[in-house]
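So the structure is just underneath, and the comments pick up after that.
The values are calculated or read from the model by the stated rules, or taken from the named source; none is laboratory data. Fair warning: this is a prediction, and the values are worked out from it, not measured in the lab. Positions of Cβ are backbone-derived with ideal geometry, glycine not excepted, and every protein chain shown enters the neighbour counts. The accessibility values were calculated without ligands, DNA or RNA, using every heavy atom of the protein model including side chains. Shrake-Rupley method; radii C 1.70, N 1.55, O 1.52, S 1.80 Å.
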Amino acid sequence: MTAVRLDTLPSYVWWRFTRHPRNVALSRRLLREQARAWEAVDGETVETAVLLLSELMTNASKHARVSPGREIHALCVVTDGTLRIEVSDAGDGIPRRCRPSAYDEAGRGLRLVAALADRWGFCPRPHGIGKTVWCELALPASR
């Protein structure tokens, strides 16, 4: 894992993870720790952001279907009253919201992202194969 951070706004942190389920929990912990340095981000927004990052990381870890050496990149940016979370992987699948039944154990992640985020979407990675799935949360003073 590699991390890069600037301490002045706009502030961001960027991590590289191997495509392994244990890195979902690690990404949650790292974002909680980083959020302490971002005084513009309140506790409720942090917990929502951690949940959103967790969902995006889980999807990348499970569905990227690429060789184990490929990495997942996570970027969190605070700027202009917004917290933006991006997760990039080398998979070529298109993210889509499923319609799980009451008995399905999975398939609710992007529905949760759509419900909790102020905006979300995806785009091709600008410099390589794969995609970036992103979401944004307005910071309290901006809501």
Close pairs from the stretch 114-143: first polar (S, T, N, Q), partner buried (at least 17 other Cβ atoms within 10 Å of the Cβ), Cβ under 8 Å, at least 6 apart: T132/E86; T132/V87; T132/S88; T132/F122
query: Would you call E33 on the phi < 0 side of the Ramachandran plot, open to solvent by less than 50 Å² (accessible area, probe 1.4 Å), among the charged types (D, E, K, R) and at pLDDT 90 or above?
result: no
field: Residue satisfying all of: in the stretch 103-119; of a type outside the set (A, V, I, L, M) and surrounded by fewer than 19 Cβ atoms within 10 Å (Cβ to Cβ); modelled with the lowest pLDDT among these
entry: D104
- request: With the checklist (1) of a type outside the set (D, E, K, R); (2) closer than 16 Å to L116 by Cα; (3) touching a His at 6+ places or on another chain (Cβ under 9 Å) in hand, flag the one item S61 doesn't pass.
  value: (2)
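Yes or no, residue by residue, for (1) farther than 20 Å from R125 by Cα; (2) at pLDDT 85 or above; (3) crowded, with 20+ Cβ neighbours inside 10 Å; (4) out of contact with any Ser or Thr (no Cβ under 9 Å at 6 or more places or on another chain):
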residue: N23; (1), (2), (3), (4): yes, yes, yes, no
residue: R28; (1), (2), (3), (4): yes, yes, no, no
residue: L53; (1), (2), (3), (4): no, yes, yes, no
residue: S67; (1), (2), (3), (4): no, no, no, yes
residue: G81; (1), (2), (3), (4): yes, yes, no, no
- request: With the condition kept exactly as written, say whether any residue in the stretch 84-102 is at pLDDT 90 or above, open to solvent by less than 70 Å² (accessible area, probe 1.4 Å), within 14 Å of A138 (Cα to Cα) and touching an Asp or Glu at 6+ places or on another chain (Cβ under 8 Å).
  value: yes
